[in-house]
Each structure stands twice: as structure tokens, then as C-alpha cells.
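K.L.:
Take a look at the following structure, please.
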Amino acid sequence: MASSTPVWMILIYCTIAFGCAAACAFAFRTAVIASMPGQVSKLARSMPLSASFGALIILIYVFVALFAPWIAPFGEREVVGAQYLPWGGDYLLGTDDLGRDMFTRLIYGARNTVGIAFATTLLAFLGGAILGLLAAVVGGWIDELLSRIVDILMAIPALIFALLLLTIFGTSIVNMILVIALIDSTRVFRLARSVAMNIVVMDYIEAARLRGEGLGYLVVREILPNAAAPLIAEFGLRFCFVFLSISALSFLGLGIQPPTADWGSMVRNNATLITFGDVTPLLPAGAIALLTVAVNFVVDWMLHRASGLKE
Amino acid sequence: MPFWDGQSRGDVLQSIWIMIARRLGLGLVTLFVVSLLIFAAVEMLPGDIAEEILGQSATPETVAAFRRELGLDLPSYQRYLAWLGGILQGDFGTSLANGRPISDLIAGRLSNTLFLALYAAAISVPLAISLGILVSLYRNSLFDRAVNLITLSSISFPEFFVAYILIVLLSQSGYFPSLATLSPGATFAETLYRTFLPALTLTLVVTAHMMRMTRAAIINLLASPYIEMARLKGLSPGRIIVKHALPNAFAPIINVIALNLAYLITGVVVVEVVFVYPGLGQLMVDSVAKRDIPVVQAAALIFACAYVLLNLTADVLSTLSNPRLIHTR
Amino acid sequence: MTKTSNTPLLTIKDLYIEGRADETWSGIVNGVSLTLNRGEVLGLIGESGAGKSTLGLAAMGYTRDGCRISSGSVTFDGTDLVGAPGKTKRHLLGSRIAYVAQSAAASFNPAHRLIDQFTEAPVQHGTSSRDVAAKDAVDLYQRMRLPDPETIGFRYPHQVSGGQLQRAMTAMAMACRPDLIIFDEPTTALDVTTQIEVLAAIRNIVDQFQTAAIYITHDLAVVAQMADRIKVLLRGDEVEEAETAAMLASPQEDYTKSLWAVRSHARTEQPAADRAEMPVLSVQNVTAAYGPIKVLHDVSFDIHKRRTVAVVGESGSGKSTTARVITGLLPPLEGQVLFNGSALPPNYKTRSGDQLRKVQMIYQMADTALNPKQTVGQIVGRPVQFYLGLRGQALRDRVAELLNMIELEPGDFLERLPSELSGGQKQRVGIARALAAEPQMIICDEVTSALDQIVAEGILKLLDRLQGELDLAYMFITHDLATVKAIADEVVVMQSGKVIEQGQKSAMFTPPHDPYTELLLSSVPEMDPDWLTDLLKRRADDANAYSKT
């Protein structure tokens, strides 16, 4: 039983894990510096270990998501044995509450959970960023109207608002994507607008306006290149929020529904094992945590770089 | 205009009150619009709520009767006024799932949720603020970098991950109970003990956030020219922090706290489910699954109110701590 | 405190200071030495990047974050400040060495009253009690000629104007009667008329208490008034040092000579334009407002072909607002702007491409005027492409031609980003962008005020030459009368949104003047070390004469 594990053993495990992570990150960075062309190699050289660890993890997740059917030993929804089988043997990580292979479902989870979160973020980002930039450039009543709407939508806490909307529209994957995209787009709007506002007051924008340039040129050529760095960082952060929200909803049983393999609902469905000292349910939860940590490490480095370059 | 130029101290105080009254007014308007939004969201329901709830098999007569029962035959503004009027008198309507008055369902659970949030806040706020200040004083040191790595990781963890890790670590070995059951007769100390794990989960999640924000606010402050001036006056480091940095740090720190307490409100939902804690969040999640719309509306309204009021309080407090606003020209 | 007059108060020996940028250390101050005797004022002068502020702070044993003293010594009255422990330094700072910062508005703590910040150092250093220090504050406020010295201390910093805050900060520095004060560009952010008052007050108080001072500035005329000796710095190296009179009369080094020569440039004035000739631009009875606040009142003036009209005034005089009305960014409430005799639509959005093309603008801050993500070629090429429709080789040829006009080698500069240009080069690219539209008139908004003097001189000469070659009309907005002398044919003086006086430059610079013009003109520091003394005496005499009548 896990209960007998003393605290100092846990500390040792943690230290070993930390060391392995640092070593992998170092090896990865060295490999990138050696094998990639000039620009990428130069970028990698300036990366701290935490960021290269993050980049490595993200790449692994993307690989697993893309090639899930080839990696996974069983089918996503295939019942392969008795329920709650222990680790080892044919089933690397045992089986779940319905007797499906845990390892297989973890791999498919990368495809489903990450894919859905990515699509949602993309949706939220496109809507929020386009409207935010527009509000900043056009100004006047359009800005006023959009900002007030966003203020009101943001006056309700995100998860609560999501729960309310899902009650009304019913819980389905499409509804969840739309609801979370709507809620998160308000946050993207705020950021995009404030970033663009700082750019719009620059003299080069005034010069372009006085030249008679149209809205499209102003946004695409003058503002977007300067807003790119904070917006990309925001995309990373937003992905984390969306990913965590979707996982939370799935965990609550209101998000991605079985039999689709999804990390949040896998934690929920196998949570009873925890009370017996089995850490299997921690695996999908850990998979979620690891990816958000990785993305946050990379974003943190990007933000640090952006603020450093300003000086 | 400064008050010694013909303007009395009373006038200055009055202008602060006017400013605060305006913020409060704005907060009320926000609350009103939020209630409107929560009500209107149900109106956007595709199809008829009665048919939706009763299902395909319902006869037209039962649907009509149900509509009358819900007041759906009335125009929507009348229903909104009735709904809002009821809430202002403490009547949230009846649950669709079990027909009980919602206010009965909510009453005990609301205080449980508030208790848990306050419990977590009482640990996390002092902890996070003092750690945040400490880290900002030793910025760019190895200690700072390690803390950055740890806090960055822990803000990335989903709440249920933290919760289950704590259960494995602290509950399996029998230190703390994993089910946060509340019994009416329990002493305060006993309640604190039983709800320790959920409170600790919330604390861990929020503290990292709060620390990072406090650190950023303080570092931003320490870079200002008046802090350099204080150093060049030969003041001791302690005095610089206490007399020169802190009075200007209130506003950012208040905002950090408010933001995170607001975050607690959301976080509480998941944590309550993990620990089977009888709070408002769990009620809301259950009701969403049952599509018990009136209960969800009531819970959403309460959470939103708490959120708006928190932000409003922070706004007013940071106004009060800003000398530029208090001592207007 | 033992005051032995033989040993110098401050000795800096072979001081090297490095700053960190992108993980590497580079020199900011490279082996500078100086000595300062009691009661003496040393002027440190240099352009941006000369390391003068860093050196000034190092004289207090202090370096900013990201800087370090790599070698050398700073000895203050027998104590080496470089190696001294923090406690020893803290004991000296504020009590025996004090500091006056460039921006008083940012350097006063917004959370405390002036008087509390004044008394802090004396109380903390144990030189006097709070009550005694507070009484002393009133005395010093009086000596610094602050209004209401009895009560001004009870105000918060944001309730006091910039010029007054700067004086309050000098008073605060005096609180412990230090032996040495470091003045770091204390008047740079102020208008000329305010600058005079602050300079006079500072000099007065330094004289009265026989305080030694290091006075840091980029303005030669200012340092001539304040310092006994002047040291010239260039990129962290010492150029030369001499007594003020000797330095002004006969500088030895070429760099110093070039600094001195800047002030002598003046453009030969064009004859007054023919009344019958149609002006390129005519501003007629313009009144404009931001919201309910009127900022321009009945402003009228003309600008003719090949002429430069300098619009002069202090901050808030409405000169930049006038430019916004002309460009159509701020439609006027009343009046109109004629271009070649026909009225321009009030809003730029309704102007035709040709109307927009013919009036171009050059900005003060070249940093914010050029898109940091576009290359020089893209920045200059866009107007050519947009207005004139050139493409491909024709476009590239025209851009190269424009770069040659502004004396930048196209092969070298076309692909550069603004961040890879110096301040002067950025401003040149801004000029090229304006020229690319082939305008008839260019509005130059404080185009030289953010530049070092030698660079600014180059820009003025370039603008002068281009005007001759391209028949341009210039509207030149500036607060600096030396720039007016250097470039203008005609002058328009503005104050609080009104035109106070206008006419040919020669007429403006010879008396009689309008009183405000007189104040403005007489407030411009001159290189003569006795200028401030003479001016103050003259003004005092005038005031006496006035009060007797």
C-alpha cells in the first residue's frame, strides 16, 4: 500500500524526477542547437532549461496526439478485460472501470482532450483578438459597445457562467466548445484591445492614418507585427486556461462524455481507486498538469524575452 | 484644488464619498445586468423549456399545466420582475428536481461554501503576501528562481490533481479525512480538522498565483525613482520597505487579493465535488446534471454577486489607499 | 565633523563602471578621475550615453541595478565609498551627501507630504528633531523662493507644480546641510521660464551654505551659470576639464569645440514673402477644443513657399494642437485651414489622397514615429507606392534616391530595422518618409528636441538644404529659441492657445517685444557665465522701478 511510503522517499523520487527532467531538457536543447538551422539554433541557445523542457514535452504530446492509433496497443473504446485490473502484464497501466486498457485511453486522451482544447482556444482567440484589435483601431461607439458587453460577460466567474450555459444548452462537446470559446474570447478581447491601444497611440500609426491608409493595412501591416509577441504568449496562456476549464468540466461530468477517451472524465470515472491507495487516476490528472506546466514554462520564457528586449 | 486653498477638509471627504457612491452605483448596475443576463440566458433556450424537461412523451395537457406552473404563459419581463422580486425577499423559487423551495436547499450550503473559502483565504492571503514580498526582496537569486519554477508549476495544476495528490499523501496515511463530512454537533476545531484537505487544496492553488502577482507588483514598485531617492537618503532597507514601498503597494496588493478570492469562488466548485463537501458548488454541479434550471440560476446569481461584490470592495479599498485620489488637486 | 580645507572633499580615481546588457558587461564609465574641493561646484557635461549620471551616482557610492563598479576608488572625506559596508554608506548618504534627481515628480513618494519627506533624513540621521527640522523646512522653502513656504510642505507631491517640486527637492537635499549635493539634470524637464527660477534658487542656496556640488547637465549654457569648473565627458571617457571661464573661452579638444560651435549656427533669413503671393498654407481664425476645454483661440498665420515659420511656445501653449488642426486630426470649432487658397476639409478622413500627400509631418520622437517591425526600405517605400503607385524597380530606385537625399547609403540602410539605427539616423528616415510623398509643406514637431546638439545641428542643416532643393514650406514647432534662430524666417509666438506675436525673425529678436516674448527670450540661457547674475539683477531693477512708479 502506498500509505507506507515515508515522506523522505517521496522527496527522493521528486529529486530524481527533477534531475531526469533537467537532463532530458538539456539533451533536447543540445540536439536542437546542433541539428537545426541558424535562426532556430540561436533561439534555442537563449532558452533556459525550463523552457526547453516545456518545448520537449509539448512536442511529445503533439506526436502522441497525431500518431495515437499507431502507438496505442488497443482500440480507444475496446473492452479488453475485467475492470480495474492492476498494472503490468498485457495491460501496461491496468484497466479502467469498464475494463478498457488504461494506457490506450491515456494515449487517445492526448488526441481528444488536447485537440478539443486547441480548437476551442483557436476559436476563442480568433473571435477575441479580431474584435479587440478592431475596437482599439476604430474606437468610438464600436469600442464602447464591445467593451461594455465584455465587462458584463466578465462580471460572472468563468466556470459558473459555463455551468449556467451548459445547463441551458445541454452538455455536448460542441456546446462546450462554443461556451468556453465565448467565455475565453472575452479575456482575449481585453488583452488584444489593451495591447493594440498601446500601439495605436504611436506616431507611426498616426502617420499611416494621415497617409490615408485603410483599416486593413493598419491592422495587418502596422499593428499586428507589433502585437504578435504578446498575442502569441496570450495564446499559450489561454490554451492553459481553456484546457484546465475543459478538464474541470469533464471531471465534473459535464464536459467530454464517455465513451470518448478524455483525461478529465478518466479521473472522475476511476476516482474510487484513490481510496484504495491506487494512484492510477492520478495519471490522467498528471498528464493534464504536465502539459499546462510545459506550456507555462515556454510562455514564461517568451514573456521574459519580450520584456527584456524592450529595455 | 487643495483643501487649504479655500476648500475644507470636509469637502475633500465628501468628494471621496461621492466617488465611492459612484462606484457602488456602478456595482449595483452591474449586479442588475448580471441578473438580467442570467435570467435572459434561459430565455435563449432553443425550443420550449417545459417540453425539454418533460421529454417527448409528455401530452400537450401536461406541458400546458407545467408551463402554467412555471409561469411560462406570462410575458418574460413580468416573469423577470417576479423572479427578481422574489429573490430580493429571499425566495428563489422551487427546484424542478424535487419541488423543494430553493432557499431551503441553498441556506446551509452557502454558509458551508463561505466557510471553506474563508478558511482557505485565512491561510493563503497572509502566507502568499509575505512570501511574495520575501521573494521580491531576493529577486534574481537562486531562491527566487526555484520559487518561480514551483509556483509556475502549481498554477498549472488542475484543482482535482492537487486534491487527489493530497489525498494520497495525507489521507492514505490517516492524517486527515478525505471526505469532508460535516456533522451539526462538531466543535469548531473538529470542523477545521475535517475540512483541512479541501482548504489546503484551495490554498495551494491560490497561493502560487497570489505570490507571483505580489512579487510582480512589489518589483515594479521597487524600480520607481522615489525608492531610489529613499536609498540615496541613506535610509535603512527596512524603513524603505515599510515607509516608502508599502503605502504605495496597498492598491496593487488589494487587487491581487480580490482577484484570487474571486478565483477561490470558482475553484471551490471542483474541490467540493472531490471531497464530497456539502456546499453550494456541489449543489450547482448536481443541478446542472439534472438540468434543474431554477437552482442553477440561483446558484449562478449568488456566485456572481459574491464575485461582483469582491471586485467592488477591492475597487473602493484601493481608491481609499491612493493618496492621489484622496488628496485631489 | 572636522573641516580641513586642504584635503579635497571628494576624490574619484580611475573609476570604471560597467553595465549589463544581454548577459554581457560593457563599459559605461571608463577610467574617469576627478577631485572636488569644499564649496566648489563641478559641472559634468556630455551628450546622452556619456555616463554622466552614472558617474554622479557613483560619487555617492551608489550604482543602479544592472551596473557595477569594476575598479577604481571613490573617496569622500577620507572614506572609500566603493569598498565601504552598506551601513557606513547609509550613514553618509542623505546627511553629508545628498541627491537632487531629474524628475522631482517621480522622485517624491506620492504617499507622503513634502514636509514629512523633508524631515525624514534629519530625523533618521539624528541631526535634529522633527519639530526643528520642520521649522528649518519653512526657512529653506523661503530661501528657495517657494510660494506659501509656511503651508506648502503640507501638500502632497501631486498637488505641487514641476518647477516648485524641483525647488522643494533641493530644499530637501539641504535638510542636513550636506557637504556635497549631486544635481542630476534638475532643470531638463522644465520650461525655460521656470528653469530660470530653479537655477537662481539652486545657485543662491549653494552659495549661502558653501555646499560643494556636482552639477550634471547636457546644456552648456546652464552649466556655465552654475559651475566653477567644467568636465566634458564622451561615451564614458573624459575629454577635458578646465575652469569655467577658460573652458568657455578656449576649449582645447575638437569634441568640445564642436559642442561649442553648435550654438553659433544661424540661417540667413529669407526676405519677407510677397503679400500678393498666395501662401501655401493659411490658418484662419482657428478655435479648437478637447471636449469642453478650449485649447486654441482665434489662431491665424500664413506659411509661404520656401519659408520656415517657427511656432514657439512653452508646454501647453497650443503649438502641437495647431499642428493637429492643420493635419485634420482635430477638426476646429471655428475657422478654417486653406491650402493653396482652397479650404481643407476639417477632418483628415474626408480629405483626398492628394490633399493628404501635400502636407507631411515629421515627429519629435523618432522612436515612436517609425514602425519597429518595418525595414527602412518598407517605411520609405510605402508612401511612394501608396501615393505615386510606383512598383518594382521604379520603387526601389526612388527609395534609393530618397535615402541618398537624407545622406544615408541605400545599400547599407535599406534592410535595417529602426532598432539598428542611431537617433539621428531614425530622424533622417522620418524625413525621407515625409519627402517620399513629394509634399509642398512639412510640419516639423520638435524634431530636434530629443537629439543631442551635434546631431540636431546635422538635422537642421539637412532640412535647410532640402528646402532649397525642393521648394518646401516648413512649419517648425519648437520650444527652443536657439533652434528658432537656427532655422526660422518667420516666428509665431504662442501662449495659452493664443498667438501673442508674429513677424519676421529679425524683427522678433530685436526689441521692443511683447512682454511674454521678452520673458521667453531673456530666459534662454547664454554661454556667458555672468548671464544669470546679470539677468536677475536686471529683472530685480525692473521690478523695483515698477514698484516705485
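The values are calculated or read from the model by the stated rules, or taken from the named source; none is laboratory data. These figures come from a predicted structure and were not determined experimentally. Ideal geometry is used to build each Cβ from the backbone, glycine not excepted, and the neighbour counts take in all protein chains shown. For accessibility, only protein heavy atoms count, side chains too; no ligands or nucleic acids. Shrake-Rupley method; radii C 1.70, N 1.55, O 1.52, S 1.80 Å.
K.L.:
Looking only at region A:276-285, count every residue that is facing another protein chain (nearest Cβ under 7 Å), without any contact (Cβ under 8 Å) to a residue 24 or more places away in the chain and open to solvent by 20 Å² or more (accessible area, probe 1.4 Å) and tell me the total.
P.N.:
Final tally of qualifying residues: 1.
K.L.:
Within region C:462-512, work out how many residues are open to solvent by 40 Å² or more (accessible area, probe 1.4 Å), in a loop (DSSP other than H, G, I, E, B) and either in contact (Cβ under 8 Å) with a residue 12 or more places away in the chain or among the β-branched types (V, I, T) (or both).
P.N.:
6
K.L.:
Of the residues that make up region A:142-162, is at least one within 13 Å of another protein chain (Cβ to nearest Cβ) and farther than 21 Å from B:L259 by Cα? Even if it seems obvious, please write down each step before you answer.
P.N.:
If we filter region A:142-162 for residues that are within 13 Å of another protein chain (Cβ to nearest Cβ), which is where we start, we get A:148-162.
If we keep only those that are farther than 21 Å from B:L259 by Cα too, we end up with none.
No, there is no match, as no residue in region A:142-162 is within 13 Å of another protein chain (Cβ to nearest Cβ) and farther than 21 Å from B:L259 by Cα.
K.L.:
Only one of (1) of a type in the set (A, V, I, L, M); (2) surrounded by fewer than 19 Cβ atoms within 10 Å (Cβ to Cβ); (3) under 30 Å from B:V29 (Cβ atoms) is not met by A:L126, so which one is it?
P.N.:
Status for A:L126: all satisfied but (3).
K.L.:
Could you check how many residues of region C:346-364 are farther than 14 Å from C:I443 by Cα and either open to solvent by less than 30 Å² (accessible area, probe 1.4 Å) or facing another protein chain (nearest Cβ under 8 Å) (or both)?
P.N.:
Qualifying residue count for the region: 3.
K.L.:
So which residues in region B:154-171 are open to solvent by less than 30 Å² (accessible area, probe 1.4 Å) and aromatic (F, W, Y), if there are any at all?
P.N.:
B:F160, B:F161, B:Y164, listed by residue number.
K.L.:
Consider C:S73 against the criteria (1) in contact with a strand residue (DSSP E or B) (Cβ under 6 Å, 6 or more places away or on another chain); (2) surrounded by fewer than 19 Cβ atoms within 10 Å (Cβ to Cβ); (3) within 14 Å of another protein chain (Cβ to nearest Cβ): it satisfies all of them except one. Which criterion is unmet?
P.N.:
(3)
K.L.:
Quickly run through region C:317-328 and pick out the residues that are of a type outside the set (D, E, K, R) and under 24 Å from C:D480 (Cβ atoms). If you could, list the steps in order and put the result at the bottom.
P.N.:
Start the filter on region C:317-328 by keeping residues that are of a type outside the set (D, E, K, R), which leaves C:317-318, C:320-323, C:325-328.
Residues satisfying the conditions are C:S317, C:G318, C:S320, C:T321, C:T322, C:A323, C:V325, C:I326, C:T327.
K.L.:
Right, here's the next one. Name the single residue, out of those in region C:189-209 being hydrophobic (A, V, I, L, M, F, W, C) and in a loop (DSSP other than H, G, I, E, B), that is surrounded by the most Cβ atoms within 10 Å (Cβ to Cβ). Break it down into steps so the answer makes sense when it comes.
P.N.:
Restricting attention to region C:189-209, the residues satisfying the condition of being hydrophobic (A, V, I, L, M, F, W, C) are C:189-190, C:192, C:196, C:198-202, C:205-206, C:209.
Add one more test, that the residue is in a loop (DSSP other than H, G, I, E, B), and what stays is C:189-190.
Details: C:A189: 17, C:L190: 21.
The qualifying residue surrounded by the most Cβ atoms within 10 Å (Cβ to Cβ) is C:L190.
K.L.:
If you don't mind, another one. Out of C:D397, C:D367, I need the residue that is acidic (D, E) and modelled with pLDDT under 90. Which one? Walk me through it before giving the result.
P.N.:
On the way: C:D397 fails: modelled with pLDDT under 90.
Testing whether each residue is acidic (D, E) and modelled with pLDDT under 90 leaves just C:D367.
K.L.:
Select from region A:45-72 the residues that are within 14 Å of chain B (Cβ to nearest Cβ) and over 14 Å from the mean Cα position of the chain (by Cα) and list them in ascending order.
P.N.:
Result: A:P48, A:L49, A:S50, A:A51, A:S52, A:F53.
K.L.:
I would also like to ask the following. Yes or no: A:N226 open to solvent by 40 Å² or more (accessible area, probe 1.4 Å) and assigned to a helix (DSSP H, G or I)? Show your work before the answer.
P.N.:
Details: open to solvent by 40 Å² or more (accessible area, probe 1.4 Å): no; assigned to a helix (DSSP H, G or I): yes.
Taking the combined requirement at face value, the residue does not satisfy it.
K.L.:
Residues that are modelled with pLDDT under 65 and surrounded by 14 or more Cβ atoms within 10 Å (Cβ to Cβ), at least 1 per element: which helices (runs of 4 or more DSSP H) completely within region B:1-75 meet that?
P.N.:
Values: elements: B:9-43, B:49-54, B:60-70.
So the answer is B:9-43, B:49-54.
K.L.:
For region C:432-457, which positions are farther than 21 Å from C:Q355 by Cβ and either open to solvent by less than 20 Å² (accessible area, probe 1.4 Å) or not in a helix (DSSP H, G or I) (or both)?
P.N.:
Correct list: C:A432, C:E446, C:V447, C:T448, C:S449, C:A450, C:L451, C:D452, C:A456.
K.L.:
May I pose another question? For region B:110-135: of the residues being among the hydroxyl-bearing types (S, T, Y) and more than 16 Å from B:I257 (Cβ to Cβ), which is most open to solvent (accessible area, probe 1.4 Å)? Can you show your working first?
P.N.:
First pass over region B:110-135, keeping only residues among the hydroxyl-bearing types (S, T, Y): B:111, B:113, B:119, B:124, B:130.
Still in the running and more than 16 Å from B:I257 (Cβ to Cβ): B:111, B:113.
Values: B:S111: 64, B:T113: 11 Å².
Only one residue tops the list, namely B:S111.
K.L.:
Does at least one position in region B:256-279 carry a residue that is touching a Ser or Thr at 6+ places or on another chain (Cβ under 6 Å), open to solvent by less than 20 Å² (accessible area, probe 1.4 Å), more than 10 Å from every other protein chain (Cβ to nearest Cβ) and over 26 Å from B:T181 (Cβ atoms)?
P.N.:
Looking through region B:256-279, at least one residue is touching a Ser or Thr at 6+ places or on another chain (Cβ under 6 Å), open to solvent by less than 20 Å² (accessible area, probe 1.4 Å), more than 10 Å from every other protein chain (Cβ to nearest Cβ) and over 26 Å from B:T181 (Cβ atoms).
K.L.:
Return the pair list, or none, for Cβ contacts closer than 7 Å from residues in region C:275-299 that are touching a residue at least 24 places away in the same chain (Cβ under 8 Å) and at positive phi to residues that are open to solvent by less than 70 Å² (accessible area, probe 1.4 Å) and not hydrophobic (A, V, I, L, M, F, W, C), at least 6 apart or on different chains.
P.N.:
That search, which allows pairs on different chains as well, returns C:N285/C:S300; C:N285/C:G335; C:D298/C:T287.
K.L.:
For C:T517, state whether it is in contact (Cβ under 8 Å) with a residue 12 or more places away in the chain and outside the structural domain of C:G341 (by TED's automatic domain parsing). Give the derivation first.
P.N.:
On the way: in contact (Cβ under 8 Å) with a residue 12 or more places away in the chain: yes; outside the structural domain of C:G341 (by TED's automatic domain parsing): yes.
Answer is yes for this residue.
K.L.:
Do we have any residue at all in region A:138-160 that's over 30 Å from A:I223 (Cβ atoms), open to solvent by less than 10 Å² (accessible area, probe 1.4 Å) and touching a residue at least 12 places away in the same chain (Cβ under 8 Å)? Explain how you work it out, then say what you get.
P.N.:
Going through region A:138-160, the residues over 30 Å from A:I223 (Cβ atoms) turn out to be A:156-157, A:159-160.
Filter once more, so that each one left must be open to solvent by less than 10 Å² (accessible area, probe 1.4 Å): A:156-157, A:160.
From the residues that got through so far, the ones that are touching a residue at least 12 places away in the same chain (Cβ under 8 Å) too are none.
No.
K.L.:
List the helices (runs of 4 or more DSSP H) that sit entirely inside region A:1-99 and contain at least 2 residues that are open to solvent by less than 30 Å² (accessible area, probe 1.4 Å).
P.N.:
On the way: elements: A:7-35, A:38-45, A:49-66, A:68-71.
Answer list for region A:1-99: A:7-35, A:38-45, A:49-66.
K.L.:
Would you mind finding the one in C:Y16, C:Y99 that is surrounded by 23 or more Cβ atoms within 10 Å (Cβ to Cβ) and hydroxyl-bearing (S, T, Y)?
P.N.:
Details: C:Y16 fails: surrounded by 23 or more Cβ atoms within 10 Å (Cβ to Cβ).
Being surrounded by 23 or more Cβ atoms within 10 Å (Cβ to Cβ) and hydroxyl-bearing (S, T, Y) holds for just one of C:Y16, C:Y99, which is C:Y99.
K.L.:
Quick check on C:H91: is it surrounded by fewer than 23 Cβ atoms within 10 Å (Cβ to Cβ) and more than 21 Å from C:T11 (Cβ to Cβ)? So that I can check it myself, show each step before the final result.
P.N.:
Details: surrounded by fewer than 23 Cβ atoms within 10 Å (Cβ to Cβ): yes; more than 21 Å from C:T11 (Cβ to Cβ): no.
So C:H91 does not fit the description; no.
K.L.:
Count, please, the residues in region C:314-345 that happen to be touching a residue at least 60 places away in the same chain (Cβ under 8 Å), small (G, A, S) and open to solvent by 20 Å² or more (accessible area, probe 1.4 Å).
P.N.:
Matching residues across region C:314-345 total 4.
K.L.:
Next up: Check whether at least one residue in region A:295-305 is buried (at least 19 other Cβ atoms within 10 Å of the Cβ), within 11 Å of chain B (Cβ to nearest Cβ) and either in contact with a Phe, Trp or Tyr (Cβ under 8 Å, 6 or more places away or on another chain) or farther than 30 Å from A:S52 by Cβ (or both), and report yes or no.
P.N.:
Yes, region A:295-305 contains at least one residue that is buried (at least 19 other Cβ atoms within 10 Å of the Cβ), within 11 Å of chain B (Cβ to nearest Cβ) and either in contact with a Phe, Trp or Tyr (Cβ under 8 Å, 6 or more places away or on another chain) or farther than 30 Å from A:S52 by Cβ (or both).
K.L.:
When only residues in region B:201-243 that are within 14 Å of chain C (Cβ to nearest Cβ) and among the basic types (K, R) count, which is surrounded by the fewest Cβ atoms within 10 Å (Cβ to Cβ)?
P.N.:
The qualifying residue surrounded by the fewest Cβ atoms within 10 Å (Cβ to Cβ) is B:R239.
K.L.:
Further, regarding this structure: Quick one: in region B:276-329, of everything that is under 23 Å from B:A258 (Cα atoms) and not in a helix (DSSP H, G or I), which residue is modelled with the highest pLDDT?
P.N.:
B:G279
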